[in-house]
Amino acid sequence: MERIAIIGGAELRGEIPISGAKNSAIKLMAASLLTDEPVRLINMPELADTRLLARLLQRLGTEVEEREGPDGHEMILQTREIVSAIAPHDLVRQMRASFNVLGPLLARSRQAKVSLPGGDPIGARPLNYHLDAFAELGATIDLNGGYVFAQAPRGLKGGHIVFPGVSVGATEHTLLAAVLARGETVIENAACEPEIVDLADCLNAMGARIEGAGTSIIRVVGVARLGGATHAVVPDRIEAGTYAVAAAMAGGEVRLTGARPGHILPLLDRLRCAGVDVDTTDDIITVRRDPARRLSAVDVQTEPFPGFATDLQAQFMALMTLADGESVIRETIFENRFMHAGELARMGADIAVQGGEARITGVDYLTGAPVAASDVRASVCLVIAGLAARGQTLVEGVHHLDRGFEGLEEKLRACGADVRRISEAA
């Protein structure tokens, strides 16, 4: 069993390069199924999730090559032909986003059999948005034995899709299918996240005709085929926000390079309100805090982009445990995303959770303790808390960290943190 060990109390000083976005990279990888030509993705993060999806794509017929290029890690994917339109349970259950191969398989092969996904236990993320969209595009959908069977013998056709709620995954998945549908598809109440724009930019570079990505109405004119492309993955706004909070928690001064400050403005605003110094340029975020100066309590409510990201809620909760006064965090995206609160309490945090609201009363200090991660973002929130805690914090559930953060220990150690991975016999 592997754990992360953190000895708290060291200020962070230095520079952290921001990797390509996990949430974008895995959808871009799925897009490679739409063409028989090579798709070259640069600024690719090296994560457990991207490795897992590469294995699934290889099962479907994709050739995957990874290498170090002049602009960092690259992945070249080429699916000359779909050798199997079946995405099995043993792979899909390990990562929810792997379900997004359904749309490209359906668009290119006109049929697909994909296992219903697993994923983090952070609340309901219904698949009916995805399946209803495919039905609107002319597919026949059947659920049986834990699998989705989708068919469109004559190919997909354009349709008018109105999502009942904002869904990033459903918006991306619909784009991955609609680009090869006959005629025009209109998507209303579309998600506006930067990852949507990144996917649309890549698809357009491959020859798709997508307009409106980043707004609530997206129009797609289907094309007969797509070609290859080279595309740089957008910087990971969640990683940037995570390290910004880590610097605020531990104190010191950290420069986050290759970032997009405009993608996390609500977080940067809340950090400033808490008493943290934040400066930005086009691609650098500098975070400074004197650890002797007490943070101020600040309220937060998660919202779809451009609001405060749910994927940064756990990290901000860790920060607020040491703030002066009471802060309130309202989670409006997922109904079960406060599982980290109990683990923070093991370190001495004062947190009361009721429904979708958490009230945090700041304490003078946290104490290191053994804690367990429940999902990708909760795991890193415990690492952040450990940076400022007295003594040693041991974080279990390292596999969650490996899914979402590239080189976490190395990046923190480069800035002076006492963080290491330890292996113990089970």
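Read the figures in this text as sums done on the coordinates, not as results from a lab. Being a predicted model, the structure only gives us computed values, none of them experimental. Ideal geometry is used to build each Cβ from the backbone, glycine not excepted, and the neighbour counts take in all protein chains shown.
Structure notes:
- Averaging the sequence gap over all C-alpha pairs within less than 8 Å and six or more residues apart, then dividing by the number of residues, gives segment 22-232 a relative contact order of 20 percent.
- For segment 1-97, the list of trypsin sites (Lys or Arg not before Pro) that fall in a loop by DSSP and count at most 16 other C-beta atoms within 10 angstrom reads Arg80, Arg93.
- With R₀ fixed at 41 Å, the C-beta to C-beta distance from Leu265 to Glu46 puts the FRET efficiency at about 0.90.
- Per principal axis, descending, Cα span of segment 165-224 in whole Å: 30, 19, 16
- For segment 247-301: Kirkwood Rh in Å [reciprocal of mean 1/r, alpha carbons]: 11.5 Å
- Stokes-Einstein translational diffusion, the chain - Kirkwood Rh over all Cα pairs, 1.567 mPa s, 4 °C, in µm²/s: 59 µm²/s
- Enclosing the Cα atoms of segment 6-63 in their convex hull gives a volume equal to 98 cubic angstrom per residue.
- Dipole of the chain, positive direction: furthest Cα of Ala378, Ile217, Leu60, with charges on the beta-carbon: Leu60
- Percent antiparallel among DSSP beta bridges (both partners in segment 22-232, rounded to 5): 70 percent
- With neighbours defined as other Cβ atoms within 10 Å of a residue's Cβ, the residues Glu63, Glu37 order from fewest to most as Glu63, Glu37.
- With Cα atoms as the point set, segment 22-232 shows a radius of gyration and Dmax of 15.5, 47 Å.
- In segment 154-200, the trypsin sites (Lys or Arg not before Pro) that fall in loop regions by DSSP, at most 10 other Cβ within 10 Å: Arg154
- Estimated distance in nm for a label pair at Leu116 and Ile422, the labels positioned 7 Å out from Cα along Cα-to-Cβ: 4.1 nm
- At R0 = 22 Å, FRET efficiency that the Cβ-Cβ distance of Asn144 and Ile86 yields, to 0.05: 0.95
- The angle separating the long axis of helix 376-388 from the principal Cα axis of greatest extent in the chain is about 20 degrees.
- Pairwise label distance in nanometres, Asp350 with Asp290, each label 7 Å out on the Cα-Cβ vector: 2.5 nm
- In the distance distribution for segment 170-309, Cα-Cα pairs more than 23 Å apart total 46 percent.
- Pair Glu410, Thr367: separation of 7 Å Cα→Cβ label points (nm): 3.6 nm
- Cα pair distances of segment 45-121 binned at 5 Å [whole percent]: 3, 15, 25, 23, 17, 10, 5, 1
- Hz values of 3J(HN,Hα) by residue in segment 264-278 - Karplus curve (6.51, -1.76, 1.60), Gly and Pro given as x: 9, 4, x, 5, 4, 5, 5, 5, 4, 5, 7, x, 9, 7, 10
- Straight Cα distances below 27 angstrom link Lys411 to the lysines Lys22, Lys27, with same-chain residues fewer than 8 positions distant left out.
- Restricting the calculation to alpha carbons of segment 290-346 gives Rg and Dmax of 12.0, 36 angstrom.
- Comparing Cα centroids, segment 98-114 and segment 275-333 end up 39 angstrom apart.
- Full-stretch length increase - Ala135, Glu37 - with 0.36 nm per residue and alpha-carbon distance subtracted: 32.5 nm
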